[in-house]
Each structure stands twice: as C-alpha cells, then as structure tokens.
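The values are calculated or read from the model by the stated rules, or taken from the named source; none is laboratory data. No experiment lies behind these values; they were computed from the predicted model shown. All Cβ positions, glycine included, derive from the backbone under ideal geometry; neighbour counts span all protein chains shown.
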C-alpha cells in the first residue's frame, strides 16, 4: 500500500500544473505600458514604474476582478514623480484589466493562472528613467587672466555633455558704512554660450549687447545647465577690468 501511495503522489506531481510565469515589472512611459499584456502565476505580483517624461498616469482597475484597485485612489488627476512605483499582488486566478483614469489609451491587462507562483523572484530589471536627472559634470573652470582689458579674456572649462552656460556679471563697489568699508555688488550684465562635450574656450567679459565692460573689480556667477534643465554647481570668478 505504501508503494502505491508513493506512486500516486509521484504521478500527481507529474501532472500538476507547473508555475511558468513570474513577477513582472512594467514601465509607464510615452503614454503606454512597456508590457501591455502580462501573465503571472497565483500569489505573484506586478510592479509599475513611472519613468517619464509623461507621469500623469494611474493604474486603475477597470474589470470586475479589480474594482477599487487604484494607484491614485484620492485623485481624479494622477500625479507622480519620476521613479514612483506601485505594486499589486494577485491571489485569485483570472484576467485583470487596468486603465489610466486620465488617458484611456494607457491600459493593459494581467492574466493570473491557477498554478502557485514564486512571490520572491524578480526576472525583470527595474526600468530606467527616461528623464535626465543628473547635472553635467564640469571641471577645470578658470580664466586665462584675472586682470583683463576691455576686450575681455577667455573662460575655460571641461564638461561631459552639451549645455547652456551663462554668466551674470556684478561690479564690486567699496562702500563705507558705520566707519567700516565693505564690498557691495551691483548687477552689470550677462553673457551666454553653448558648450560642447569636452574642453571649451569661450570669450569672457568682453563687450556684448548685454554687458558693457568698465574699469573696476567684478564677480561673475557662472552656471552650467543641460537639456534636462539640470544645473551644476555655480562657479564664482573674480576679475578686474583695467582702465
């Protein structure tokens, strides 16, 4: 009898449905899911990631199986930050349909089998952001000379991506107050350049439409901004324009 029981158990294991699906990760971007149709097994989960550039999307249940499931339950207009995520675990077999409450074309479905799954194994990598959130790397910022004539000097720097570079010029004036001298800043103009990857050498503090050099001491606040509107640390450069 024991041998028959073991044989019956072995046969049951052979014919038992195998768990073929797995937990899934889905990116929401460009007004669509990266995987509109998903298959998972019982007890497994799906995680949605907002990777941009569009993020005003929800994951909202639209079928009888997932009524009330919503990534944005308290908002008619979904709002998410880049990198936000939403996870749902599916403990009953069936097909679950989802739609964005703001954009009906942003939709997808999850089909859950009756086979027990593995809730701990992730086969998909975490989706990477489509939005640049990293400021440009800038190095070697300096002036060819800090004592310049009215034609200006050269600003040198290295940068790892294309960027817009702008400088605000402030004239430094000495003022006496309460028996003490102090420097005050007076806005004097600005200048802008377009930087390429690598070493840049641009004309600095010369006469332009927005800056008229005059003798004196100056402070320049130089900013580097990439196409994703990420700005590197402001560099402050002091220089003198000769008479």
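Does residue 186 count as more than 30 Å from residue 90 (Cα to Cα) and free of Cβ contacts under 8 Å to residues at least 24 places away in the same chain?
For residue 186, the condition - more than 30 Å from residue 90 (Cα to Cα) and free of Cβ contacts under 8 Å to residues at least 24 places away in the same chain - is met.
Anything in the stretch 39-50 that is outside any strand (DSSP E or B) and surrounded by fewer than 21 Cβ atoms within 10 Å (Cβ to Cβ)? List them, or say none.
Answer for the stretch 39-50, where residues must be outside any strand (DSSP E or B) and surrounded by fewer than 21 Cβ atoms within 10 Å (Cβ to Cβ): just 43.
Hey, can you tell me all the residues within the stretch 70-84 that are touching a residue at least 24 places away in the same chain (Cβ under 8 Å) and either surrounded by 15 or more Cβ atoms within 10 Å (Cβ to Cβ) or under 18 Å from residue 127 (Cβ atoms) (or both)?
70, 72, 78, 80, 81, 82, 83, 84
Tell me, which strands (runs of 3 or more DSSP E) wholly within the stretch 165-234 include 2 or more residues that are exposed (fewer than 14 other Cβ atoms within 10 Å of the Cβ), modelled with pLDDT of 95 or more and in contact with a strand residue (DSSP E or B) (Cβ under 9 Å, 6 or more places away or on another chain)?
Correct list: 180-195, 198-204.
Can you tell which of 129, 92, 145 is in a loop (DSSP other than H, G, I, E, B) and in the same structural domain as residue 224 (by TED's automatic domain parsing)?
The match here is 145.
As an exercise: evaluate residue 140 against (1) outside any strand (DSSP E or B); (2) more than 30 Å from residue 82 (Cβ to Cβ) and give the number of the one condition it does not meet.
So residue 140 meets the others, but not (1).
Inspect the stretch 28-38 for any residue being over 23 Å from residue 131 (Cα atoms), outside the structural domain of residue 228 (by TED's automatic domain parsing) and either buried (at least 20 other Cβ atoms within 10 Å of the Cβ) or at pLDDT 95 or above (or both) and give the result as yes or no.
Yes - at least one qualifying residue is present in the stretch 28-38.
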